[in-house]
1. Being without any contact (Cβ under 8 Å) to a residue 12 or more places away in the chain and either in a loop (DSSP other than H, G, I, E, B) or open to solvent by less than 50 Å² (accessible area, probe 1.4 Å) (or both) is the filter here; which residues of segment 156-172 pass it?
2. Is at least one residue of segment 111-123 more than 21 Å from ILE225 (Cβ to Cβ), open to solvent by less than 50 Å² (accessible area, probe 1.4 Å) and at pLDDT below 70?
3. Could you say whether any residue in segment 78-89 is of a type in the set (A, V, I, L, M, F, W, C), modelled with pLDDT of 85 or more and either at negative phi or open to solvent by less than 50 Å² (accessible area, probe 1.4 Å) (or both)?
4. Here's a check for you: in segment 1-14, which residue that is within 15 Å of GLU36 (Cβ to Cβ) and at pLDDT 70 or above is surrounded by the fewest Cβ atoms within 10 Å (Cβ to Cβ)?
5. Which one of these is among the basic types (Lys, Arg) and assigned to a helix (DSSP H, G or I): ARG41, ARG33?
Amino acid sequence: MPVKTHNGRPLLIDLALQGGGSHGAFTWGVLDRLLEEGQLRIEAISRTSAGAMNAAVLAHGWIEGEAAGARAALDACWDRVETAAAFSPLQRTPLDRLFGCWSLDNSPVFIAFDNPRERPGTPRSAAEILNRLNEVSFNATLMKELRMIPLMRQVADPGSGEGKRWSQMRMHRITTELMTDLGFSSKLNGERDFPWMLRDEGRRAASAFLERHASDLGQCSTTDIDVLLAEC
């Protein structure tokens, strides 16, 4: 479904890019797909960690050659990441490669970096606790800022000025269930097949989002962040 534009002008969008080491390749794929849409124009980007790398490379590439330049710059950047990862001591074991496991949990070097990792009973292992602690720490600031949006909508005057801008803010989210299946250690996996797999998944997720919600862009939100206030 085509993106609705006003008076034939590109639709301006803002992006918030996630971090996560090699998992940033998913964001690379999302950006690559969005940059194909000539009716969309990125106005601003908020970013963290690997998302900051993607944002900086995209901006540089855009200066060089707009959308095509940004896509080429992202491809080149992640190609360099993959080349450097080939010499990293953090590598999957032969068995992990054989069974298609992207985790580095069994890598001797990764194990050497960490408190005992195995504990009896599922959710009590050190690996699971550390993984969740990491996710909560990285997400805490994001969740705090997201909760501020519905709060501002409630208290700000929607008639004019800053209040009007808050009331007109529309929120969307592009994600995939695949990310929940990947362990924390896979964020350090830079082998060529892994980032490219995530890049393809990012493109697929972005395409699926556009198929469902292209007509909603610039019109209404497709993700409800007001529910975040109920969690406070």
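The values are calculated or read from the model by the stated rules, or taken from the named source; none is laboratory data. Computed from a predicted model, the values in this text were never measured in an experiment. Heads up, the Cβs are rebuilt from the backbone with ideal geometry, glycines too, and the neighbour counts pull from every protein chain shown. Surface areas here come from the heavy atoms of the whole protein model, side chains and all, with no ligands, DNA or RNA. Shrake-Rupley method; radii C 1.70, N 1.55, O 1.52, S 1.80 Å.
1. First, pick out the residues of segment 156-172 that are without any contact (Cβ under 8 Å) to a residue 12 or more places away in the chain: 156-165, 168.
Across segment 156-172, the qualifying residues are ALA156, ASP157, PRO158, GLY159, SER160, GLY161, GLY163, GLN168.
2. Within segment 111-123, one or more residues are more than 21 Å from ILE225 (Cβ to Cβ), open to solvent by less than 50 Å² (accessible area, probe 1.4 Å) and at pLDDT below 70.
3. Yes, some residue in segment 78-89 is of a type in the set (A, V, I, L, M, F, W, C), modelled with pLDDT of 85 or more and either at negative phi or open to solvent by less than 50 Å² (accessible area, probe 1.4 Å) (or both).
4. PRO10
5. On the way: ARG41 fails: assigned to a helix (DSSP H, G or I).
After ruling out the rest, the residue left standing is ARG33.
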